[in-house]
1. Residues in the stretch 191-211: is at least one open to solvent by 10 Å² or more (accessible area, probe 1.4 Å), in a strand (DSSP E or B), within 18 Å of V38 (Cβ to Cβ) and at pLDDT 95 or above?
2. Could you check the stretch 236-270 and list, in sequence order, the residues that are over 22 Å from P190 (Cβ atoms) and not small (G, A, S)?
3. Hey, can you tell me all the residues within the stretch 117-130 that are over 16 Å from the mean Cα position of the chain (by Cα), in contact (Cβ under 8 Å) with a residue 40 or more places away in the chain and open to solvent by 20 Å² or more (accessible area, probe 1.4 Å)?
4. Residue under question is R51, and the condition is that it be open to solvent by 20 Å² or more (accessible area, probe 1.4 Å), in contact (Cβ under 8 Å) with a residue 60 or more places away in the chain and away from the ligand (no atom under 16 Å from the Cβ); does it hold?
5. Looking only at the stretch 158-188, which residues are within 25 Å of C258 (Cα to Cα) and either assigned to a helix (DSSP H, G or I) or open to solvent by 40 Å² or more (accessible area, probe 1.4 Å) (or both)?
6. Output the residue which, of all residues in the stretch 231-256 that are closer than 18 Å to S266 by Cα, among the hydrophobic types (A, V, I, L, M, F, W, C) and part of a helix (DSSP H, G or I), is most open to solvent (accessible area, probe 1.4 Å).
7. Taking only the stretch 122-175 into account, find how many residues are small (G, A, S) and farther than 24 Å from G106 by Cβ.
8. Quick one: count up the residues across the stretch 6-16 that are within 16 Å of the ligand (Cβ to nearest atom) and of a type in the set (A, V, I, L, M, F, W, C).
Amino acid sequence: MNALYYVPMKCFSPAKINLTLRVLGLREDGFHSLDSVVVPLGLGDDLFLERAEATSLVVEGEGVALEAMPGDPERNLALRALRLLEREVGHTLPTAMVIHKRIPLGGGLGGGSSNAATVLRGVNTLWELGVSQARLCALGAELGSDVAQFVLDGTVRMQGRGEQVTRMSMAGAPPLWIVLANGGGHCPTPQVYRAFDAQVGEESLTTRGKVCDTLHLSLRKGDPECVAEAVCNDLETPCFELFPEVARTAEALRAAGCTGVTLCGSGATVFGLVSSREEGERALAHPALSGCWRACTQTLPDGVMAAHGPLTPIVMVRIHVGQP
Ligand code: C5P
């Protein structure tokens, strides 16, 4: 008997860096108002999604420790994203999911959030659900403040709690070379935000809303020196004070020749810019960074779709030819 079947759909789930992260104030719901320019990276996880009899999740690591993964798979953001979509459409979507992880866990690179957004987009395509991008963003925001930016794909201005996302036009913008380093520390996000609140008085909070508009122009030109000048992260000072080892990793990146060095999200990974792959590789080999997890990658200014193509499930017909 001939049967229709779907081969697994391979989706790229990128890491991100916040080139700017301004914290504008504390909201009534306990979250902070943000204004941030976020760029996806060429470093990322691969997700394989396949229609199946029952839902399953396998996570494998390539050069990353997986101990921090939640023991209960239902707490994994990827599976929670699938459950949200099932709730949205009102029926089960049995899907076999394999996540091949290259993004370090809990390092401020948005790996879990990216996986969740990739499941939302990928499963929407795989099961031909037709859920709109705006609705996927809203569902993503239910999972975490960082998810909506990945649903949008590409360079994004992120505001509000993180759920207000706007694509920044990057047509033709050349990628930038980025070096990432993580000395192994863990910086719990709520603790870093609390330390920020303790440092910044109410008055100065209201005057901090300046976004680096020049950054957009510099990004379009692909000019690493101008981008490096605009890079900023309001969580850097509290994080460095709480976790001096993260400050030391930032110093190591500077010693290795990187510019525009700052924190990724709320840490503990730090990033810096270099002007070429060769410079990036020299930085990775610098003795100051020995002992750190480190990677050299590029930004994907126009997003994953531009770099890797659209998410398309391949439908194949299996033709049973019987025994020879
Ligand atoms: O939304 P998410 O689960 O990623 O947030 C983790 C924590 O980060 C929150 O519990 C909160 O302490 C802090 N946070 C915040 N303001 C934001 C985003 C996150 O205070 N806009």
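1. Checked against the condition, which is being open to solvent by 10 Å² or more (accessible area, probe 1.4 Å), in a strand (DSSP E or B), within 18 Å of V38 (Cβ to Cβ) and at pLDDT 95 or above, the stretch 191-211 yields no hits at all.
2. Passing the criteria: R248, E251, L253, R254, C258, T259, V261.
3. Result: T125, W127, L129.
4. yes
5. If the condition is that a residue be within 25 Å of C258 (Cα to Cα) and either assigned to a helix (DSSP H, G or I) or open to solvent by 40 Å² or more (accessible area, probe 1.4 Å) (or both), then G172, P174, P175, W177, G183, G184, H186 are the ones that fit.
6. Per the criteria, the residue is L242.
7. Total satisfying the criteria: 9.
8. 1
The values are calculated or read from the model by the stated rules, or taken from the named source; none is laboratory data. Since we're looking at a predicted model, the values are computed, not measured. Quick reminder, even Gly has a Cβ in these numbers, built from the backbone with ideal geometry, and neighbours come from all protein chains shown. Calculation scope for accessible area: heavy atoms of the full protein, side chains included, ligands and nucleic acids excluded. Shrake-Rupley method; radii C 1.70, N 1.55, O 1.52, S 1.80 Å.
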